[in-house]
Amino acid sequence: MAATTRPERIDARERNPKWQNAPLRIEMSECINCDACLRHCPPQFGAIFNHGVDVIILPELCSGCDKCLPACPVSCIYPDPEWKPAPDDWWEEPGSAGDPYR
């Protein structure tokens, strides 16, 4: 069964196979850490997190909806059609008590 809800995607660490758009990524060399993207990511996806000094997008949670793009004042968010699974340490925040989308 495909992981369709956010909790299911967190547990399975997989994208919803019905999503047609590529996930997005943040180019940290251009990012100013303003967190505007995090505030604009819809909670049903909840894909953007602060990770140390970086701001990251977990590709498995990102639907590619583009809601974060107009919020970014420096345009540092790009489609990531060649995405790879998120590293294990990126999964510490989603679903935790510190998850900003809970």
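The values are calculated or read from the model by the stated rules, or taken from the named source; none is laboratory data. Model, not experiment: these values are computed from the prediction. Don't worry about glycine lacking a Cβ; one is built from the backbone with ideal geometry, like all the others, and counts go over all protein chains shown. Note: areas computed on protein heavy atoms with side chains; ligands, DNA, RNA excluded. Shrake-Rupley method; radii C 1.70, N 1.55, O 1.52, S 1.80 Å.
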Residue hits (region 21-38; exposed (fewer than 12 other Cβ atoms within 10 Å of the Cβ) and not in a loop (DSSP other than H, G, I, E, B)) are none
Reported set for region 1-11 where residues are aliphatic (A, V, I, L, M) and either surrounded by fewer than 12 Cβ atoms within 10 Å (Cβ to Cβ) or without any contact (Cβ under 8 Å) to a residue 24 or more places away in the chain (or both) is M1, A2, A3
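This table checks each residue for (1) within 16 Å of E8 (Cβ to Cβ); (2) of a type in the set (D, E); (3) in a loop (DSSP other than H, G, I, E, B).
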position	(1), (2), (3)
G46	yes, no, yes
F49	no, no, no
V55	no, no, no
C62	yes, no, yes
K67	no, no, yes
P70	no, no, yes
V74	no, no, yes
D89	no, yes, no
G98	no, no, yes
Does any residue of region 70-81 turn out to be of a type in the set (F, W, Y) and crowded, with 20+ Cβ neighbours inside 10 Å? no
Per the filter on region 63-92, residues in contact with a Pro (Cβ under 8 Å, 6 or more places away or on another chain) and closer than 16 Å to P7 by Cβ are S63
When region 26-77 is checked residue by residue, the ones that are of a type in the set (V, I, T) and more than 23 Å from G98 (Cα to Cα) are V74, I77
Log entry, pairs with first residue in region 29-43 being on the phi < 0 side of the Ramachandran plot, second being loosely packed, with under 14 Cβ neighbours inside 10 Å and of a type in the set (S, T, N, Q), beta carbons closer than 8 Å, six or more apart or on different chains, reads E30/S75
Result of the Cβ filter at 7 Å on region 67-92, keeping first residues that are among the charged types (D, E, K, R) and partners that are open to solvent by 90 Å² or more (accessible area, probe 1.4 Å), at least 6 apart or interchain, is K67/H40
